[in-house]
């Protein structure tokens with residue numbers, strides 16, 4: 001037995017190491033993106049949903065510029081949140097086929113890195129949907145959203161991070177429920193209210209190509225604070241969420 | 001050092017005790033055939049050893065540490081009921097993914113080498129969804145052994161394998177034992193499991209009914225253990 005131990009030990013030293021935290025997260029994110037880009041299940045559904053809602057709303061209400069100015073932030077973030085649920089639901093559901101989640105959890109990648117990798121992949125996919133939605137919004141609502149492109153993309157990126165962080169955590173928690181498609185939005189949206197409020201307030205004027213009004217700093221702080229706090233909280237809870 | 005140690009391990013599903021007062025010590029380099037009828041607790045025990053589930057009570061040590069320890073997980077290979085492979089990725093993409101998750105040098109080379117070893121070299125770039133059940137199982141076995149683990153936990157690895165693939169897997173198991181790896185093999189296929197085994201454990205309704213070295217008599221009459229320890233039929 002001692003010989004056996006020595007043989008295995010010697011071989012291992014040359015080839016194997018526990019992967020770094022960031023590297024583990026990157027590998028998981030890369031795998032999720034590759035899987036999604038190959039099937040495009042969630043991406044197509046989410047994109048179609050966003051475009052249809054924006055078009056229907058435009059045809060149904062035919063809003064004036066003033067009405068669009070008042071509604072832009074709320075409309076866009078409602079679309080982002082509901083379309084995002086389609087991507088977030090798939091995040092851990094994808095791991096159910098063939099019990100892939102077991103293999104990920106049994107690997108030496110820490111649950112927090114595994115969770116962060118999934119958050120990053122979801123964030124990229126959600127950003128693709130949000131940016132495509134902005135193009136549709138610009139065309140059908142006659143909004144000059146590209147005028148403040150940098151600030152708008154920054155705010156959408158922060159809001160999308162909040163959606164991704166909270167949504168991915170609840171996606172892990174609800175993955176084994178039969179009604180997970182229903183449960184995920186029911187659990188995520190109430191928690192997201194502060195971030196959504198901040199994102200809606202900041203997005204409204206920027207989506208119309210205008211400078212944000214008074215109180216911008218408070219909403220921005222709220223959004224950044226939400227992102228930092230919930231990222232830390234979700235990372236701390238990731239092991240409990242992933243190991244039965 | 002013992003590879004696996006369980007002391008007074010219990011696991012409950014609600015009020016139902018799936019594992020009861022389990023004491024088990026498996027030496028390093030052993031190949032343990034874990035036997036038992038459906039519902040005996042084999043999969044639960046393997047999941048606890050793999051760190052996928054917490055024991056309700058008692059102590060579990062794999063290679064002297066908690067199985068949920070990252071360093072221990074890096075030294076374990078696990079093949080559960082599912083094949084744990086992504087249908088939308090190719091065979092080589094799946095193995096490269098797991099090689100990277102285990103921090104292996106030359107992930108691609110290692111993946112290629114294992115595909116050849118399980119007879120899937122020609123299908124390296126085919127998507128797993130196009131594979132037959134037996135090919136998927138062989139790929140899953142390659143995934144479990146890819147990082148040369150010191151402890152390998154295999155739940156029903158012979159499922160869906162044809163005679164040639166069973167032979168390949170038994171060869172892998174024999175090589176692994178020769179190389180000093182510890183293997184825990186849960187299966188209903190007694191003859192296939194007992195052939196490479198050095199030790200045998202029989203679970204009956206969550207209790208350890210028998211544990212000992214595998215004898216020649218067991219090979220000659222694989223059903224004997226079940227008859228002797230109260231689960232005939």
- Query: Here are B:143, B:181, B:138: which of them is more than 29 Å from residue B:1 (Cβ to Cβ), within 15 Å of the chain's Cα centre (by Cα) and crowded, with 23+ Cβ neighbours inside 10 Å?
  - Reply: B:138
- Message: Is it the case, given these coordinates, that residue B:46 is in the same structural domain as residue B:199 (by TED's automatic domain parsing) and assigned to a strand (DSSP E or B)?
- Response: no
- Condition check for residue A:10: at pLDDT 60 or above, part of a helix (DSSP H, G or I), at negative phi and more than 9 Å from chain B (Cβ to nearest Cβ): no
- Consider only pairs whose beta carbons are under 8 Å apart and that are at least six residues apart or on different chains; among these, list those whose first residue lies in the stretch B:88-106 and is more than 7 Å from chain A (Cβ to nearest Cβ) and whose second residue is part of a strand (DSSP E or B). B:90/B:127
- Item | Residue check for residue B:77: touching a strand residue (DSSP E or B) at 6+ places or on another chain (Cβ under 9 Å), within 21 Å of residue B:184 (Cα to Cα), more than 8 Å from chain A (Cβ to nearest Cβ) and surrounded by fewer than 19 Cβ atoms within 10 Å (Cβ to Cβ) | no
- Message: For the condition crowded, with 16+ Cβ neighbours inside 10 Å, in contact (Cβ under 8 Å) with a residue 40 or more places away in the chain and either within 20 Å of residue B:154 (Cβ to Cβ) or more than 17 Å from the chain's Cα centre (by Cα) (or both), what is the one hit in B:39, B:58, B:64?
- Response: B:58
- Message: Restricting to the stretch B:213-228, name every residue that is surrounded by fewer than 16 Cβ atoms within 10 Å (Cβ to Cβ), touching a residue at least 12 places away in the same chain (Cβ under 8 Å) and farther than 25 Å from residue B:149 by Cβ.
- Response: B:219, B:223, B:228
- Task: Go through the residues of the stretch A:152-167 one by one and say whether even a single one is part of a loop (DSSP other than H, G, I, E, B) and under 30 Å from residue B:101 (Cα atoms).
- Result: no
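Do we have any residue at all in the stretch A:39-49 that's facing chain B (nearest Cβ under 8 Å), over 30 Å from residue B:25 (Cβ atoms), modelled with pLDDT of 90 or more and within 19 Å of the chain's Cα centre (by Cα)?
yes
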- Message: Looking for something within 14 Å of another protein chain (Cβ to nearest Cβ) and within 15 Å of the chain's Cα centre (by Cα) - is there at least one such residue anywhere in the stretch B:9-27?
- Response: yes
- In the stretch B:50-62, which residues are more than 10 Å from every other protein chain (Cβ to nearest Cβ) and not in a strand (DSSP E or B)? B:55, B:56
- Only one residue in B:29, B:56, B:51 is touching a helix residue (DSSP H, G or I) at 6+ places or on another chain (Cβ under 7 Å) and either over 28 Å from residue B:224 (Cβ atoms) or at pLDDT 95 or above (or both), so which one is that? B:51
- Residues B:111, B:124, B:142: which one is touching a helix residue (DSSP H, G or I) at 6+ places or on another chain (Cβ under 8 Å) and farther than 20 Å from residue B:161 by Cα? B:111
- Task: Considering each of A:138, A:225 in turn, give the residue that is assigned to a helix (DSSP H, G or I), in contact with a helix residue (DSSP H, G or I) (Cβ under 7 Å, 6 or more places away or on another chain) and free of Cβ contacts under 8 Å to residues at least 12 places away in the same chain.
- Result: A:138
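The values are calculated or read from the model by the stated rules, or taken from the named source; none is laboratory data. None of the values given here were measured: they were computed from a predicted structure. Reconstructed Cβ throughout: ideal geometry from the backbone, glycine too, with neighbour counts over all protein chains shown.
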